[in-house]
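One structure is given below, represented as C-alpha cells, and several questions about it will come after.
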Amino acid sequence: MRLLRSIVAPAVIAAFSTLSFDAHALEAPPDPTGKGIAGGALLGAELVLAIEAAFDVEPTWAYVVGGLVGAGGGAVGGYFVEEEADPRIPMFMLAGGMALAIPTMVAVLSATAYEAPEGPVGSGSSPALVGVDAERVSLGVPALELRDVYSRFEVAAYGAQQATEVRVPVLNVLF
C-alpha cells in the first residue's frame, strides 16, 4: 500500500502540473452590495461585546442589548461606507468581521462562565440533593461518585471479587 502511494501521488501531481490554466483579471470592481452592511454589523456587535467582556460584565441581558445596538450601529455605518468608499473596503470589513467572530465569542463565554459560589472554608462537603445551613434549605444536583469496593491490595491479598459502588449524597447539613 505504501509503495502504491509513493507511485500514484507523484504521478497525479505530475499530470496536473502539465495542465495550463489562463488567469484573467476582472475589469469591473467587485460589487460591494450588502458586504458593507453585513461587515459593519459584525464589527459593531463584536466591538461592543469585546468591550463588555474586557470589563467582565456579568448580566446576560447586557450582552444581548449591547450586541444588538452595536450591530445596528455598525450596519448603518457599513451602509455609508458601502456608498462612499472604495469597493474593496466593504469586503475587508466583512472579512474582518468574520475573522473576529470566534475570538469575540471566546472572550464573551469566558467572561460569563459559571463560577460556583464559595462555601465555608474547610467544610469539605460535597454537593448533596438537600442542603441545610443556618440561613437556608436548598435543593441541588448531588455529586455522584463511583468507587471500587476493594483496593488493589485487598483484591490481590484476599482474592476478593472487585465491585463498584455508587455514592449519592442526599443530605448536607452545616452547623
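Sort largest first and round to whole Å: the equivalent ellipsoid semi-axes of the stretch 32-111, each the square root of five times a Cα gyration tensor eigenvalue.
25, 12, 7
Between beta-carbons, use under 11 Å as the cut-off and find the net charge around Gly40, counting Lys and Arg +1, Asp and Glu -1.
-1
What's the FRET efficiency of Val132 with Val168 using the Cβ-Cβ distance as r and R₀ = 25 Å, to the nearest 0.05?
According to the calculation, E is roughly 0.90.
Where a number appears in this text, it was derived from the coordinates with a stated rule and is not lab data. In this text the structure is predicted, and so the values were computed from the model without any measurement. Here Cβ is always computed from backbone atoms with ideal geometry, including for glycine, and neighbour counts include all displayed protein chains.
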